[in-house]
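Below is one structure; the comments refer to it alone.
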Amino acid sequence: MEISTNDYRVWTEGSTIHYEGTMRLSGTDAYAPILEIMNSILSSKPELITLDLTGLEFLNSSGINLLAKFTIEIRKQPEVGVRVLGSKSIPWQSKSLRNLQRLHPALELTIS
Amino acid sequence: MVQDFGNTTASNGSDATSFSLKLRAEPLELSWHHCGVTSDFIGEYFSRACRQGIDPVDARHSISYMINEILENAVKFRHGGDVELVSSLEDDRFEIRIMNQIDDETAEKFQGHLTLLMDREPGELLLERIEENALNPDSSGSGLGLLTLMSDYGAKLGWSFASERVSEGVELTTFASLRLS
C-alpha cells in the first residue's frame, strides 16, 4: 500500500509503515486516507507495528493528531506492540514524539 | 474595544533583525499551500541571521513550525482581508505578530477557548485534547497547534482582539515568541 504526492510518501512493508517528506495536510479529513492505511495494518493484528518516521522532515499538528489517534487505537489492543523510529536530525521528532509515549507507555520510542 | 489574552508585549527593539510580509487576499487566492511556503521561507531567512551558538537547523524548524501553525489558523478562520506578518530576531529571541480578520462569532468562540487554555498546564491539556479527539472521529480540527507550540516548543503566545480597526468583524493579532537554542 502506498500514497505518494509531490510533498510526501507513505508506504508499508510488512507491518512497518514508512513516512517520508513534508506532511502539512489541512485536517482530519485530509489525513483520512493515511489513517486508513495505518488501520489496515492494525486490523491484521501483527505482534509489532513499526512507524518509521526517519524520513519525515515536517509534520503539522493535525498530523501529530493522526499519530496520536493511531497510538490510542493500538493501546486498545494490548497484544499488538508498537515501535516508533525517529531521527535526531529532524527537530520536531525530539520535541513532539514523546507525547506518544505519554499516551501509551508501552510504546517503544527510538530517536537516533 | 480591545481584549487581550496571554502575553501580548514585544521585547525585541530597534536593533533586532526584522522582516515583514503581507499576504494579499486578492488576486492570489490565499490558500493552504501558502502557509507552508511562507513559514519555510521565514524560517530559512532567520536561521541565516542567528548568532553563533544557536543551532540553525533547530531555529529554522522551530520558526517554521510556529509560523505554519498560526498561519494555518489565520487562513482557516479568516473572514476576508489580508494576512500580515511582522517578525524579528534579537539575540536568541524570535518574535512574530500575525494579523488577520475574523468574524464576530469566530472571535467569541476563540475567546472562550483561550480562557480555558490560559488556566491550565499546556502539556496536560495537550494529552487531554488528544484523548478527546480520539473519541470524536467527526471533529475536523485537532486543536493541537497552539498546545504543541506551548508544550513542546516552550513558545509564549498572546492574542489581541480589536473591533475598532476594521469595518466588519474583529482584527485578531496573534503574538508568539520563541527562545532559540
- prompt: Over chain A, what relative contact order in percent results from Cα pairs under 8 Å that are six or more residues apart?
  reply: 23 percent
Label-to-label distance, nm, for residues given as A:T110 and A:E2 (7 Å Cα→Cβ offset): 2.5 nm
task: Extending each Cα 7 Å along its Cβ direction at A:E36 and B:E131, get the distance between those two points in nm, one decimal.
output: 3.1 nm
- prompt: Roughly how many whole Å is it from the C-alpha centroid of region B:102-181 to that of region A:4-34?
  reply: 26 Å
statement: With Cα springs under 10 Å, the Gaussian network model of chain B assigns the largest mean-square fluctuation among B:A25, B:A59, B:A74 to B:A25
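For a distance above 25 Å, tell me the whole-number percent of Cα pairs in chain B that qualify.
34 percent
Regarding region A:2-111, what's the average projected area of the Cα-atom convex hull, expressed in nm²?
So the mean shadow area of the Cα hull is 6.0 nm².
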- request: Please work out the FRET efficiency for the pair B:E90 and B:F41, using the Cβ-Cβ distance as r and a Förster radius of 22 Å; give the result to the nearest 0.05.
  value: 0.65
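Using only alpha carbons, build the gyration tensor for the protein assembly as shown and give me the equivalent ellipsoid semi-axes, biggest first, whole Å.
Semi-axes from the Cα gyration tensor: 33, 21, 18 Å.
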task: Would you mind checking the pairs A:K45/A:K76; A:K69/B:K156; A:K95/B:K156; B:K22/B:K76 and listing those with alpha carbons more than 19 angstrom apart?
output: A:K69/B:K156
message: Shape verdict for region B:86-181, please, from the Cα gyration tensor: rounded (a/c under 1.5), prolate (a/b greater than b/c) or oblate.
response: oblate
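Each value in this text was obtained by applying a stated rule to the coordinates, not by laboratory testing. Predicted model, so just to flag it, every value in this text is computed and none were measured. Please note: Cβ atoms are built from the backbone with ideal geometry, for glycine as well, and neighbour counts cover all protein chains shown.
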